[in-house]
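The values are calculated or read from the model by the stated rules, or taken from the named source; none is laboratory data. Here the structure is a predicted model, which is why all the values come from computation and not from measurement. Cβ placement follows ideal geometry from the backbone for every residue including glycine, while neighbour counts extend to all protein chains displayed. Each accessible area value is taken on the protein alone, full model and side chains, heavy atoms only, with ligands, DNA and RNA left out. Shrake-Rupley method; radii C 1.70, N 1.55, O 1.52, S 1.80 Å.
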Amino acid sequence: MKTRDVPVFLVGDVHGCFNELQVLLKKAGYNFRSHRLILLGDLINKGPDSFKMLSWVREKQVEPLIGNHELKFIHAIEKKLPLSGPLKDLKEQMGSDVDSWVSWMKSWPVYIEEDDFLAVHGGVIPDEHPRFSKKEQLVNIRYWDGEGRNMRDSSFPAWHDLYTGSKLVVYAHWAGQGLKVKTNSIGLDTGCVYGGHLTGLWLPERSVVQVSSLFRPFKHGEYKR
């Protein structure tokens with residue numbers, strides 16, 4: 001399926017902001033019968049409705065990418081590590097089906113590539129096809145030091161400043177950067193879970209759609225509508 005066949009709507013980090021996603025889809029005029037939806041990872045954690053978000057995604061059979069927060073949750077479940085906050089709540093809501101949910105999440109792709117775009121959670125290693133990159137790099141990258149030792153180190157260039165490919169890379173993961181539109185890359189994480197916006201992108205026309213967060217953060221990482 002290519003963008004020239006079906007219009008594609010890509011959405012940045014939802015982080016459990018289920019209501020905002022529904023408002024965004026309505027504002028964008030999204031139609032499940034005639035459009036394609038790609039969610040760019042980090043569907044869960046931080047926000048109020050992680051389990052509702054996952055249940056909806058599985059029911060609607062949209063296309064989620066795996067993000068660093070999904071990997072964190074999967075790792076904790078498989079290693080039987082303690083969880084806190086929204087991830088602890090998520091595990092409890094999954095109940096005895098937690099292994100089934102985790103198996104499904106593990107099946108999500110790290111990236112989706114078409115003729116005219118590549119979608120990924122964090123980004124790509126400059127001038128390296130993602131098939132040759134580690135999953136952890138693709139979901140965590142922000143800056144690139146040439147080796148991937150510290151991809152949060154702002155003393156190095158942003159990966160997209162070094163990326164010279166002609167194929168459009170659409171990514172999320174970087175709320176502090178905000179909406180970042182360049183010729184060959186577009187960043188869509190605009191910090192909805194921090195009280196910012198939830199942002200989507202139509203392809204092939206490259207039209208941006210945004211809605212405001214419906215809640216405000218307050219102490220201890222909890223959120224209030």
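Applying the selection to region 156-206, what residues are under 18 Å from residue 138 (Cα atoms), among the acidic types (Asp, Glu) and in a loop (DSSP other than H, G, I, E, B)? Hit for region 156-206 is 189, nothing else. Number of residues in region 62-106 that are of a type outside the set (Gly, Ala, Ser) and over 17 Å from residue 16 (Cα atoms) equals 12. Determine if region 138-148 includes at least one residue that is closer than 30 Å to residue 26 by Cα and among the basic types (Lys, Arg). Within region 138-148 (the criterion being closer than 30 Å to residue 26 by Cα and among the basic types (Lys, Arg)), the answer is no, since none of the residues qualifies. Just one of the listed residues (187, 195, 221) is open to solvent by less than 80 Å² (accessible area, probe 1.4 Å) and modelled with pLDDT of 95 or more, namely 187. Residues considered: 43, 25. Of these, the only one that is in a loop (DSSP other than H, G, I, E, B) and within 23 Å of residue 113 (Cα to Cα) is 43. For region 2-27, which positions are touching a residue at least 40 places away in the same chain (Cβ under 8 Å) and open to solvent by 20 Å² or more (accessible area, probe 1.4 Å)? Matches in region 2-27: 2, 4, 7, 19, 23, 27. Summed over region 73-96, residues that are assigned to a helix (DSSP H, G or I) and either surrounded by 11 or more Cβ atoms within 10 Å (Cβ to Cβ) or in contact with a Leu (Cβ under 8 Å, 6 or more places away or on another chain) (or both) total 16.
Evaluating residue 108 against the criteria (1) open to solvent by less than 20 Å² (accessible area, probe 1.4 Å); (2) part of a loop (DSSP other than H, G, I, E, B); (3) touching a Phe, Trp or Tyr at 6+ places or on another chain (Cβ under 9 Å) leaves one unmet condition, (3).
In the list 194, 163, which residue meets the criterion of being farther than 22 Å from residue 71 by Cβ and either hydrophobic (A, V, I, L, M, F, W, C) or more than 14 Å from the chain's Cα centre (by Cα) (or both)? On inspection, the qualifying residue turns out to be 163.
Pairs linking a residue in region 32-52 that is more than 19 Å from residue 105 (Cβ to Cβ) and open to solvent by 20 Å² or more (accessible area, probe 1.4 Å) to a residue that is modelled with pLDDT of 95 or more and of a type in the set (Phe, Trp, Tyr), with Cβ atoms under 6 Å and 6 or more positions apart or on different chains, are 35/9.
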